[in-house]
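Below is one structure, written out as structure tokens, with a few remarks after it.
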Amino acid sequence: MRGNVFIAGLGLIGGSLAKAIKKAHPGAHVIGFDLRESELGLAEALDIIDEKAASFEEGAKSADLIIIAVPVLKTEEMIEKLARIQLKKDVLVTDTGSTKSRIMKRARLLEEQGVAFIGGHPMAGSHKSGVAAAKELLFENAFYLLTPGGAAEEKHLAILKKWLEGTRAKILEVTAEMHDEMTGVISHFPHIIAASLVHQARKFNAENPLIERLAAGGFRDITRIASSNPEMWKDISLHNKEVLMTLLSDWRDEMNSVLSILEQEDELGLYNYFNDAKVFRDGLPPSSQGAIPAFYELYVDVPDYPGVISELTGYLADERISITNIRIVETREDVFGVLVISFQNEKDRLRAKQCIEQKTTYDLFLA
């Protein structure tokens, strides 16, 4: 594919899309724009983009493909701006927002002018943020959902899929309503629940500071998504408000049901409740990427002596295995610490496990 690709928003997602497109389509000319001059300059310095746009309007005017890769509220604003710009004939516009219904409604401004808009949502992420963390295979094996607008024809979908082939993502077409319901259930709603669990622990911690120390283990892991960008999740929650209100109402009924089981000391009911959850959870695909970015973590029981962490990371460095995060979990003071090492993908995690098993006698297990 040849042509001008304009990417507005050069964070992790926009930068990774730029790299994937440049890799798969050497004939493409990638133009970048970001309100943060530092990110824009870094994207150019790292050769992630070929050219900096002087402004959003200038970048859009010359584009054959426009990718809006900014938070959802900003996406609506940029769509409104595009509707006031004289764009190239046959230009194709898409976005990367985590909600779709409101964005697709706003995109009617473009459709009224005959501009094809296809909503997009690459369901991938990373521990890191910003254009410096961008990588061309961020979306490999991840789901990439497309929601075609009214002016989008089959040829437009085919063109966009061709542009995106370098992502190596699993591209699916769904309606905007179906998208928001599905991502509400398995992404947006869990973020609210994780935040609420943390709030509950914080309240108890005010009376018993030991809570904070005990929460350093499993509790910290199951609530890790509560550490996500609060500004972004504020916008997503407001955009998908109707779906989330329904889900929260259903959750209240679910918790009332559990409360009733406990009050009645219904042993069989409790067993079935936990067992049914276990059966469904165990049946989920173990390796596919979903709406919540996977954290590929390796747990290592390490002895307490100086240099043990540098020793382990040295083994991994010798094998050219990159890590994205490392931390120690201690839930008891009289036992070894557990070293948690995070990787970018499953391949690196398995290579690391094999490496450490060959070099040491430490116990290891996968998260």
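Details
- For the range 179-282, dividing the convex hull volume of the Cα atoms by the residue count gives 137 Å³ per residue.
- Surrounding net charge for residue 86, when Lys and Arg each add one and Asp and Glu each subtract one, Cβ distance under 14 Å: +2
- GNM top mover of 278, 52, 88 - the chain, alpha-carbon springs below 10 Å: 278
- The phi-based Karplus calculation (6.51 cos²θ - 1.76 cosθ + 1.60; θ = phi - 60°) puts the 3J(HN,Hα) values of the range 190-203 at x, 5, 5, 5, 4, 5, 5, 5, 5, 4, 5, 5, 4, 5 Hz, whole numbers, x for Gly and Pro.
- When only Cα pairs below 8 angstrom with a gap of at least 6 residues are kept, the chain shows a relative contact order of 14 percent.
- Inter-centroid distance (Cα atoms) of the range 25-78 relative to the range 194-221, Å: 41
- Once divided by 2.2 N^0.38 Å, the Cα radius of gyration of the chain becomes 1.12.
- If you plug the beta carbon distance of residue 309 and residue 250 into 1/(1 + (r/R0)^6) with R0 = 35 Å, you get a FRET efficiency near 0.20.
- Options 257, 53, 101, ranked by Cα towards positive dipole end of the chain, top entry (Cβ charges): 53
- Dipole moment magnitude, nearest 20 debye, the chain about Cα centre, only Lys, Arg, Asp, Glu C-beta charged: 1200
- Springs between Cα atoms under 10 Å define the GNM used for the chain, and in it the highest mean-square fluctuation of 303, 148, 209 occurs at 209.
- Residue exposure proxy: 267, 254, ordered by other Cβ atoms within 10 angstrom of their Cβ from fewest to most, comes out as 267, 254.
- Taking every DSSP helix (H) stretch of at least 4 residues in the chain, weighting each as -39,500 (n - 2.57) and dividing the sum by the residue count yields a mean residue ellipticity at 222 nm of -14000 deg cm²/dmol.
- Two-decimal ratio, the range 29-97, of alpha-carbon radius of gyration to 2.2 N^0.38 Å: 1.07
- For the pair residue 268 and residue 222, a Förster radius of 25 Å applied to the C-beta separation gives a FRET efficiency near 0.45, rounded to the nearest 0.05.
- The value obtained for the range 1-154, namely the Cα convex hull volume divided by the number of residues, is 105 Å³ per residue.
- For the range 132-241, the spread of Cα positions along the three principal axes, ordered from largest to smallest, is 62, 31, 21 Å.
- Taken over the range 2-55, the ratio of Cα radius of gyration to 2.2 N^0.38 Å equals 0.98.
- Here the Kirkwood formula, the inverse mean of 1/r across different C-alpha pairs, assigns the range 234-289 a hydrodynamic radius of 13.8 Å.
- Remark: relative contact order (the range 179-282) = 33 percent; criterion is Cα-Cα distance under 8 angstrom and separation of 6 or more residues.
- Dipole-positive endmost among 115, 158, 20 within the range 3-174 (Cβ charges, Cα centre): 158
No value in this document is a laboratory result; all are computed from the given coordinates. This is a predicted model, so every value here is computed, not measured. A quick note on method: Cβ atoms are made from the backbone with ideal geometry, for glycine too, and the neighbour counts reach across all protein chains shown.
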